Amino acid sequence: MKIYLKTGLVILVLCIATSLQAQKYVSEKSNVTFYSYAPLEDITAKSKKAVGIIDVDAEKIAFSIPIRSFDFEKSLMQEHFNEKYMESDKYPKSTFQAVLIDFNARKKGVQNVTAKGKLTIHGITQNVEIPGKIEMLGNGKIQITSTFMVKLVDYDITVPQIVFQNIAEEIEVKVDFTLSKKK
């Protein structure tokens, strides 16, 4: 009888410990794109090197993007982006930390959510609310997508007068992450 009681207690403790352990998902695949619509020239850059994590129980999310990981069609654009605008050596990454609003980890299908938190670009941190979609894919995977606008002036990114018609004042950012359950 004692062995059954001990075994039952061990199983109960393990079940409680497992349920208390946070369900975290880490990035498996990432695509971050930004697009500048401007009168003289549209500019697109892409990065596949962003990393992220989501804690579905705490409803928190965080991402980090190495600025130098953005690839451009033209190498001169990439050079100007890193040296003149983003000062990538001084500010090597952009980060985002937020809590999820209107998110239910137990709900199947696509959920429209808002991530309310802090976005840091070019060494400047702003409070933001970013709309997005989260889909619990099953098989221990989550898909996160979002499209939002970033104003350069909010992050002290200045555009020289000579090229102001080449670069938009607001940049469209698209993110697409696939995250896998952390083991």
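Quick one: is Ile11 surrounded by 10 or more Cβ atoms within 10 Å (Cβ to Cβ) and either at pLDDT 70 or above or on the phi > 0 side of the Ramachandran plot (or both)?
Criteria not met by Ile11.
Counting only residues that are surrounded by 15 or more Cβ atoms within 10 Å (Cβ to Cβ) and either in a strand (DSSP E or B) or of a type outside the set (Gly, Ala, Ser) (or both), how many does region 96-124 have?
14
Restricting the first residue to region 57-75 and requiring it to be closer than 20 Å to Gly132 by Cβ and touching a residue at least 24 places away in the same chain (Cβ under 8 Å), which pairs with a second residue that is of a type in the set (A, V, I, L, M, F, W, C) and assigned to a loop (DSSP other than H, G, I, E, B) meet a Cβ separation below 8 Å and a spacing of at least six or different chains?
Final answer for the pair search is Asp57/Ala22; Asp57/Ala105; Ala58/Ala22; Glu59/Phe103; Glu59/Ala105; Phe63/Ala50; Ser64/Ala50; Ile65/Ala50.
Residues in region 50-72: is at least one small (Gly, Ala, Ser), in contact with a Ser or Thr (Cβ under 9 Å, 6 or more places away or on another chain), modelled with pLDDT of 90 or more and not in a strand (DSSP E or B)?
Yes.
In region 152-168, how many are within 20 Å of Glu129 (Cβ to Cβ) and at pLDDT below 95?
2
Being surrounded by 15 or more Cβ atoms within 10 Å (Cβ to Cβ) and among the aromatic types (Phe, Trp, Tyr) is the filter here; which residues of region 28-76 pass it?
Phe34, Tyr35, Phe63, Phe70, Phe72, listed by residue number.
The values are calculated or read from the model by the stated rules, or taken from the named source; none is laboratory data. Everything numeric in this text was worked out from a predicted model, so none of it was measured. When we count neighbours, we look across all protein chains shown, and the Cβ atoms used for this are built from the backbone with ideal geometry, even at glycine.
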